[in-house]
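Worksheet for the structure shown next.
What follows draws every value from the coordinates through simple rules; no lab data is involved. Since we're looking at a predicted model, the values are computed, not measured. Using ideal geometry, Cβ is built from the backbone for each residue, glycine included, and neighbour counts are taken over all protein chains shown.
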There are 2 protein chains.
Amino acid sequence: MEGLEALVALTLVEGLGPVTIRRLVRRFGSPAAALEADRGEIAAVDGIGPLLAARIAEARPRAEARREIERALAAGAAIVPYTDPAYPAPLAEIYDPPVLLYVKGAFAPEDRHAIAVVGARRCSLYGAAQAERLAGQIAAVGMTVASGMARGIDTAAHRGALKARGRTIAVLGSGICRIYPPENRGLAEEIAASGAVISEFPPSMGPQRLNFPLRNRVLSGLSLGVLVVEAAGRSGSLITAAQALEQGRLVFALPGRVDSITSRGTHALLKDGARLVESVEDICAELPYLFPPRAPAAAAGGPAPPRPRLTPEEEAVLAQLGPEERAIDEITASCALPPAAVASALLSLELKHLANQLPGKMFRKPC
Amino acid sequence: MEGLEALVALTLVEGLGPVTIRRLVRRFGSPAAALEADRGEIAAVDGIGPLLAARIAEARPRAEARREIERALAAGAAIVPYTDPAYPAPLAEIYDPPVLLYVKGAFAPEDRHAIAVVGARRCSLYGAAQAERLAGQIAAVGMTVASGMARGIDTAAHRGALKARGRTIAVLGSGICRIYPPENRGLAEEIAASGAVISEFPPSMGPQRLNFPLRNRVLSGLSLGVLVVEAAGRSGSLITAAQALEQGRLVFALPGRVDSITSRGTHALLKDGARLVESVEDICAELPYLFPPRAPAAAAGGPAPPRPRLTPEEEAVLAQLGPEERAIDEITASCALPPAAVASALLSLELKHLANQLPGKMFRKPC
């Protein structure tokens with residue numbers, strides 16, 4: 001707690017970013033040692049100087065840090081420093097990962113495979129419907145949907161993942177105690193209950209303009225790829241996409257009508273080489289180590305390809321499939337799972353090439 | 001006329017294609033010599049054999065050929081053999097150009113720069129509107145719009161070019177005397193009056209299924225690139241696009257909503273590397289030898305870049321532009337041209353970087 005307080009105190013110093021905080025901790029051995037170090041020695045650290053050193057000295061009493069920690073705990077949030085094993089591994093790999101995250105809810109192993117679904121706040125009905133549909137598909141194949149909980153596309157993406165009973169993570173541009181926009185407070189509770197709402201900002205900080213680009217680097221940093229659903233010509237989503245490329249992440253974009261302003265940004269991304277997405281299969285195709293492409297007909301005597309790992313629901317549904325096609329209703333009745341779970345499992349089995357869909361919602365094992 | 005009759009007679013021989021006809025003509029020196037050659041010698045030509053040799057011998061009286069020529073002439077069509085200087089140069093470069101074309105109307109020098117605009121017969125309102133808009137833009141920058149005069153996208157493309165007072169060529173899948181679909185007879189007359197309606201098929205031949213893939217190779221062969229506006233998942237337009245790639249032509253595609261069946265084919269093309277088109281500028285960008293990219297600020301003392309060739313309308317409109325912005329109505333009034341011609345010229349001048357558009361339909365010379 002001592003060390004955590006010192007780390008929080010460092011994050012509250014105006015003008016001190018994660019790269020420099022980590023440099024300080026490496027130089028002095030711990031956040032507490034860095035905070036208490038000699039001012040001259042602090043000022044000598046690369047990127048600090050006398051002004052920042054003076055501000056760091058002012059933070060020594062840690063009263064403000066204690067208040068922020070209390071606020072976070074009162075709101076039910078945990079604090080996950082970058083040294084914690086629970087800290088998301090992909091995020092740790094970027095140039096400037098946050099030194100700590102305030103987390104309502106919890107991370108889960110499948111968050112290792114997250115796709116950020118982002119887009120315009122002022123989106124079209126088409127965009128919102130597609131964000132919800134695609135997020136639902138991403139969740140249904142066992143990946144986590146990350147988004148920013150903004151109005152428009154972000155909200156639709158979180159809702160889509162929740163409806164599919166999948167994992168979703170909201171990355172805030174404000175403190176964990178300052179849910180924004182206010183109408184999403186209920187959504188934040190829902191997300192925290194089954195996924196996670198996270199922020200790197202002090203719990204009491206409001207949604208400041210400059211926070212959003214920082215938030216966006218966390219969103220792409222958490223994820224294997226960023227899907228931009230709709231974006232106007234010059235917009236935050238395009239900056240997120242550019243940042244994602246710098247972080248070595250994949251960029252996906254949904255096409256739309258050329259007479260729709262909200263597709264201008266996604267069309268610009270597609271011209272620049274983003275992958276066109278019609279369904280989650282287009283995302284899976286870019287992640288062959290997670291979703292192996294359909295194996296060519298096995299040569300006689302060759303070893304059978306390894307079967308992908310299945311969820312209990314997928315196993316239950318797969319057990320109901322044979323060479324003869326069966327209607328989805330019949331499968332649902334036989335395996336005693338809710339219809340939505342069966343539909344999810346069937347989509348996921350299809351993507352893993354363990355089920356084939358035939359016209360009329362009929363399914364069977366591939367021949 | 002003697003030679004033309006013999007050439008037409010050869011085209012009427014069932015099973016004898018343009019590659020083999022050209023081989024015969026090269027072997028025997030002329031179409032007439034090929035038609036009258038010894039049956040054994042004909043049969044010895046690569047790709048012929050006794051059956052085709054017998055059919056060629058049957059064609060010697062040329063009565064059917066004379067009837068087809070009379071039909072073409074009665075319909076006001078000229079016959080342009082591949083040896084004619086008027087035969088389109090880009091088409092002559094493909095593997096299997098037609099040995100002759102029936103032509104209502106005439107070719108023009110600007111047809112050297114044609115873009116095929118094609119797509120689904122059963123298109124959406126969006127597709128039809130975009131085909132018309134894009135064809136109008138293509139025509140307005142001085143390129144020719146080629147299409148197949150089918151229902152749907154093709155018809156909209158021809159109409160768009162005509163409305164922009166541009167060049168358009170219809171390539172038929174039936175004989176020149178058998179306009180199909182019948183409701184497009186009036187459109188065919190309009191196209192022939194300012195552009196050309198062409199066919200490689202005997203004038204009296206109806207629209208046969210097998211003709212359409214052949215027609216499509218002519219459409220792409222005539223053109224620098226093929227723009228697919230809308231296409232279902234498996235469709236003739238996709239075959240045209242594949243053929244265009246084999247012919248070394250560019251492939252362009254219009255994006256649309258992923259929930260629109262008629263955009264499935266264009267999205268498949270975009271995934272395979274087709275260029276995404278929102279406006280004619282996206283096509284011009286791929287033809288830098290025709291539409292040079294905006295030159296970087298000229299270095300002091302460097303030679304001024306050459307000015308692109310302008311039409312008389314463009315020259316007249318350009319003369320009205322200065323460093324101060326002027327409204328389009330004012331420009332129109334000053335240069336005594338129809339409003340549509342002024343709008344066309346301004347778009348074209350913009351693409352050639354000789355005019356800048358400002359909000360409110362104001363134009364000026366670039367600074």
Checklist entry - Which one of B:88, B:97, B:61 has the biggest mean-square fluctuation once chain B is modelled by GNM with Cα springs under 10 Å? => result B:61
Item to check | Minimum Cβ-to-axis distance in chain A for the rotation onto chain B, with residue, whole Å | outcome: A:255, 2
Checklist entry - What size of dipole, in debye to the nearest 20, comes out for chain B about its Cα centre when the only charges are +1 on Lys and Arg C-beta atoms and -1 on Asp and Glu C-beta atoms? => result 500
Next on the checklist: Helix B:18-28 against the longest principal axis of chain B: what's the angle in degrees, Cα atoms only, rounded to the nearest 10?
Outcome noted: 60
Item to check | Global size of segment B:65-173 as Cα Rg and Dmax, reported in angstrom | outcome: 14.9, 46
Checklist entry - Taking the label point 7 Å from Cα in the Cβ direction, how far apart in nm is residue A:234 from each other copy of itself, listed shortest first? => result 4.7
Checklist entry - Once a ≥ b ≥ c are taken as the square roots of the eigenvalues of the Cα gyration tensor of segment A:21-101, is the result rounded (a/c under 1.5), prolate (a/b larger than b/c) or oblate (a/b not larger than b/c)? => result oblate
Next on the checklist: Charges at C-beta only: +1 for Lys and Arg, -1 for Asp and Glu. How large is the resulting dipole of segment B:17-100 about its Cα centre, in Debye rounded to 20?
Outcome noted: 140
Checklist outcome for this item: So the angle from the long Cα axis of helix B:236-246 to the longest Cα principal axis of chain B, reported in degrees to the nearest 10, equals 90
Item to check | Charge-dipole axis of segment A:1-47 as Lys and Arg at +1 and Asp and Glu at -1 on Cβ define it, positive-most pick from A:8, A:19, A:43 | outcome: A:19
Next on the checklist: Once each part is reduced to its C-alpha centroid, what is the distance from segment B:101-128 to segment A:58-107 in angstrom?
Outcome noted: 62
Checklist outcome for this item: Both in Å, the radius of gyration and Dmax of the C-alpha trace of segment B:102-156 are 11.8, 34
Checklist entry - How high is the relative contact order of chain A, given as a whole-number percent (alpha carbon pairs under 8 Å, six or more residues apart)? => result 12
Item to check | Estimated dipole of the protein assembly as shown in Debye, rounded to 20 [Cβ of Lys and Arg +1, of Asp and Glu -1, Cα centre] | outcome: 320
Next on the checklist: Which GluC sites (Glu not before Pro) in segment A:5-80 sit in a loop by DSSP (not H, G, I, E or B) and have at most 12 other Cβ atoms within 10 Å of their own Cβ?
Outcome noted: A:14
Checklist entry - Pick from A:213, A:50, A:203: which residue has the top mean-square fluctuation in a GNM of chain A where Cα pairs under 10 Å get a spring? => result A:50
Checklist entry - Using the C-alpha gyration tensor of segment B:175-267, what are the square roots of 5 times its eigenvalues, in whole angstrom, with the largest one first? => result 25, 16, 14
Checklist entry - Across peptide A:277-286, how many C-beta atoms of other chains are within 10 Å of each residue C-beta, on average? => result 2
Next on the checklist: Can you tell me the orientation of helix B:63-74 relative to chain B, as the angle in degrees between its alpha-carbon axis and the longest Cα principal axis, to the nearest 10?
Outcome noted: 30
Checklist entry - Separation between the residue B:51 and residue B:272 pseudo-spin-labels, each 7 Å from Cα along Cα→Cβ, expressed in nm? => result 3.1
Checklist entry - Most fluctuating residue of B:39, B:309, B:165 in a GNM of chain B with Cα springs under 10 Å: which is it? => result B:309
Checklist outcome for this item: 1/(1 + (r/R0)^6) with r = Cβ-Cβ of residue A:23 and residue A:290, R0 = 41 Å, i.e. FRET efficiency to nearest 0.05, evaluates to 0.75
Item to check | Förster-model FRET efficiency, 25 Å R0, residue B:96 and residue B:64, C-beta, rounded to 0.05 | outcome: 0.60
Next on the checklist: How far, in nm to one decimal, is residue A:336 from itself in the other copies if the label point is set 7 angstrom along Cα toward Cβ? Shortest first, please.
Outcome noted: 9.2
Item to check | Phi to ³J(HN,Hα) by Karplus 6.51 cos²θ - 1.76 cosθ + 1.60 over segment A:80-92, Hz, x for Gly, Pro | outcome: 10, x, 5, 8, 7, x, 6, 4, x, 4, x, 5, 4
Next on the checklist: Assume the label is 7 Å from Cα along Cα to beta carbon: what separations in nm does residue A:281 have to the matching positions in the other copies?
Outcome noted: 3.5
Item to check | Close Lys-Lys pairs in chain A, where close means Cα under 23 Å and separation is 8 or more or interchain | outcome: 5
Next on the checklist: What are the ³J(HN,Hα) couplings of segment B:229-235, residue after residue, when phi is run through the Karplus curve with 6.51, -1.76, 1.60 and θ = phi - 60°? Round to Hz, x for glycine and proline.
Outcome noted: 8, 8, 7, 6, x, 10, 7
Checklist entry - How well do other chains shield peptide B:354-361, expressed as the mean number of their Cβ atoms within 10 Å of each residue Cβ? => result 0
Next on the checklist: If you take every residue apart from residue B:131 with its C-beta less than 14 Å away from the C-beta of residue B:131, what net charge results, scoring Lys and Arg +1 and Asp and Glu -1?
Outcome noted: +2
Next on the checklist: Against the empirical 2.2 N^0.38 Å scaling, what ratio does the C-alpha Rg of chain B come to?
Outcome noted: 1.11
Item to check | Under DSSP loop assignment and at most 11 Cβ neighbours within 10 Å, longest chymotrypsin sites (Phe, Trp or Tyr not before Pro)-free interval of chain A | outcome: A:96-288
Checklist entry - Rg/Rh for the protein assembly as shown: what does it come to with C-alpha atoms and Rh from Kirkwood? => result 1.09
